[in-house]
Amino acid sequence: MEQVITNKNDKLPMIVIGVVSVLIPIVVALLLFIPQTGKLGDLDVSFLPHLNAVINFSCAVVLLLGAYFAKKRKLELHKLMMYIAFTLGAIFLVSYVIYHFQGGHTVFGDLNADGILSESEKAEAGSLRTVYIVILLSHIVLSAVVVPFVLLAIYFAISKKLEAHRKIVKWTFPIWEYVAVTGVIVYLLISPYYA
């Protein structure tokens, strides 16, 4: 892939991709570790986790369709699916940021929704809590990792560097698909605990 990125015209897009790839995880991390609950007044964002699960599921389906159309050489349909997947990802990111800026934090196993996991609640959640945390952590790490891959894949496709596009998509597709599917799984596991 190094030979492909030697053109002077590639420098600015690579810088933009690098900056965006760093900023997105930083913003998400700040929202997770520095709660901003209620900064948007009385705006009710309780529906956003449900919407995000629908977006993740839709994205997983669209990614599969995109891969299918690419293999069948139906490139216009492949492009359409990838445009939809990218758009869904962007909508998800905005929705996720708004929810975590405005909404409260949900703790897996917190049956009384007081934000504190008591020993009895932890015991009741049992090993499912460990499963949840492992899936959640892999989802979070890979969702940060996939950003530059997605942006590079899009850039290579738009700039007609199809060999570089094919090479990076071998990594991008399975990671993005995993992130979309585990997003739905994480939602299904945590949804009983939303207040």
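Each peptide in 59-68, 129-138 gets a packing score, the mean of other Cβ atoms within 10 Å over its residues, and the list from highest to lowest is 59-68, 129-138. Accessible area per residue was computed with a 1.4 Å probe on protein heavy atoms; residue 163 scores about 110 Å².
For the pair residue 160 and residue 130, the difference between a 0.36 nm per residue extended length and the Cα-Cα distance amounts to 6.4 nm.
In this structure, the residue pairs whose Cα-Cα separation is over 23 Å, taken from 11/74; 74/170; 11/167; 71/170, are 11/74.
With the Kirkwood sum run over all distinct C-alpha pairs, segment 77-172 has a hydrodynamic radius of 16.4 Å. Across the chain, Cα pairs under 8 Å and at least six residues apart give a relative contact order of 29 percent. Who wins for biggest fluctuation among 85, 113, 53 in a Gaussian network model of the chain, springs between alpha carbons below 10 Å? Residue with maximal mean-square fluctuation among 85, 113, 53: 113. In summary, the convex hull built on the alpha carbon positions of segment 126-195 has an orientation-averaged projected area of 5.4 nm². Classification of the chain by its C-alpha gyration tensor yields a prolate form. The axis ratio a/c (a ≥ b ≥ c) is 1.5 or more, and a/b outweighs b/c. Distance between the C-alpha centres of segment 151-165 and segment 85-133: 35 Å, rounded to the whole angstrom. Between residue 138 and residue 50, how high is the FRET efficiency from 1/(1 + (r/R0)^6) when r is the Cβ-Cβ distance and R₀ = 22 Å? Nearest 0.05. Once rounded, the FRET efficiency stands at 0.50. Computed over protein heavy atoms with a 1.4 angstrom probe, the accessible surface ordering of 11, 71, 167, largest first, is 71, 11, 167. In the elastic network of the chain, a GNM with C-alpha springs shorter than 10 Å, the most mobile of 13, 148, 174 is 13. Computed from the C-beta positions of residue 112 and residue 19 and an R0 of 35 Å, the FRET efficiency is 0.25 to the nearest 0.05.
The values are calculated or read from the model by the stated rules, or taken from the named source; none is laboratory data. Computed from a predicted structure; not experimentally measured. No Cβ is skipped: glycine too gets one built from the backbone with ideal geometry, and neighbour counts run over all protein chains shown. To get the accessible areas, we keep the full protein, side chains included, count just its heavy atoms, and leave off ligands, DNA and RNA. Shrake-Rupley method; radii C 1.70, N 1.55, O 1.52, S 1.80 Å.
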